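Below: one structure, written as structure tokens.
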Amino acid sequence: MNILTEFKTLKDAVAALVADQSKATLVSITDLSTKISGIESGLVTELNTAQARITSLETQKTDAENKATELTGKLSESNKMETECRVALLKHLSALPGHADYKEGGAKVNATLTELIAAEQNATNAAIAATGIKVDALPSGGTPPQASTAQKPVNLTEACLKANKKA
């Protein structure tokens, strides 16, 4: 039996007493009946508020679960991309002379992505330095210098090979 049914039964009992009692007792019973009705109204209001809050919390829970699922997917995608980047950097670094530590079974095969990026930057800087090209002479953005119409633009790979042959 729920609380509202119990209150209705109590109200009905008070109503029955009212019908059978004297005038003095009738005033007391009427007062009691009014108080019971007030309590019932308050409980109904609280129940409705609680039910609305439960509905709201269920909606928030569903939203949070959906967001967690979305974020889990994004995290999984991010982890996959990080793994792909690590594999690509390890493959490239292990192919470079002097970088055998990055080959499978090498001491640096478990390097972090940050360490691999730093190693790649160092290898790139070393390769540029080996060409003899002055980095400060390279265009730094904006409008590139006009290519000479008399000769083909310089290929950086060919320039590196020529620089290595001279050394």
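Kindly indicate which of Thr45, Thr9, Thr59 is farther than 30 Å from Glu115 by Cα, part of a helix (DSSP H, G or I), modelled with pLDDT under 85 and over 16 Å from the mean Cα position of the chain (by Cα). Please lay out each step first, then the result.
Values: Thr45 fails: modelled with pLDDT under 85; Thr59 fails: modelled with pLDDT under 85.
Selected residue: Thr9, the only one of Thr45, Thr9, Thr59 that is farther than 30 Å from Glu115 by Cα, part of a helix (DSSP H, G or I), modelled with pLDDT under 85 and over 16 Å from the mean Cα position of the chain (by Cα).
Tally up the residues in segment 72-107 that are outside any helix (DSSP H, G or I), surrounded by 10 or more Cβ atoms within 10 Å (Cβ to Cβ) and touching a Ser or Thr at 6+ places or on another chain (Cβ under 9 Å), please.
Result for segment 72-107: 2.
Residue pairs, Cβ under 8 Å, 6 or more apart or interchain, first in segment 78-99 and of a type in the set (Gly, Ala, Ser), second assigned to a helix (DSSP H, G or I) and surrounded by fewer than 11 Cβ atoms within 10 Å (Cβ to Cβ). List them.
Close Cβ pairs satisfying both conditions: none exist.
Between a residue in segment 1-17 that is closer than 20 Å to Thr30 by Cβ and any residue that is outside any helix (DSSP H, G or I) and hydrophobic (A, V, I, L, M, F, W, C), which pairs come within a Cβ distance under 9 Å, given they are 6 or more apart or on different chains?
Thr9/Met1
Determine, yes or no, whether Arg53 is of a type outside the set (Gly, Ala, Ser) and either over 30 Å from Ala127 (Cβ atoms) or touching a residue at least 60 places away in the same chain (Cβ under 8 Å) (or both). Spell out how you get there, then give the answer.
Numbers: of a type outside the set (Gly, Ala, Ser): yes; either over 30 Å from Ala127 (Cβ atoms) or touching a residue at least 60 places away in the same chain (Cβ under 8 Å) (or both): yes.
Here the answer is yes, as Arg53 does meet what is asked.
Does Glu120 satisfy the condition of being part of a helix (DSSP H, G or I), of a type outside the set (Gly, Ala, Ser) and surrounded by 15 or more Cβ atoms within 10 Å (Cβ to Cβ)?
Numbers: part of a helix (DSSP H, G or I): yes; of a type outside the set (Gly, Ala, Ser): yes; surrounded by 15 or more Cβ atoms within 10 Å (Cβ to Cβ): yes.
For Glu120, the condition - part of a helix (DSSP H, G or I), of a type outside the set (Gly, Ala, Ser) and surrounded by 15 or more Cβ atoms within 10 Å (Cβ to Cβ) - is met.
Kindly indicate whether any position in segment 22-30 is modelled with pLDDT under 75, hydroxyl-bearing (Ser, Thr, Tyr) and surrounded by fewer than 10 Cβ atoms within 10 Å (Cβ to Cβ).
Looking through segment 22-30, at least one residue is modelled with pLDDT under 75, hydroxyl-bearing (Ser, Thr, Tyr) and surrounded by fewer than 10 Cβ atoms within 10 Å (Cβ to Cβ).
The values are calculated or read from the model by the stated rules, or taken from the named source; none is laboratory data. Nothing here was measured: the structure is a model prediction, and the numbers come from that model. Counting neighbours? That spans all protein chains shown, and the Cβs are built from the backbone with ideal geometry, glycine included.
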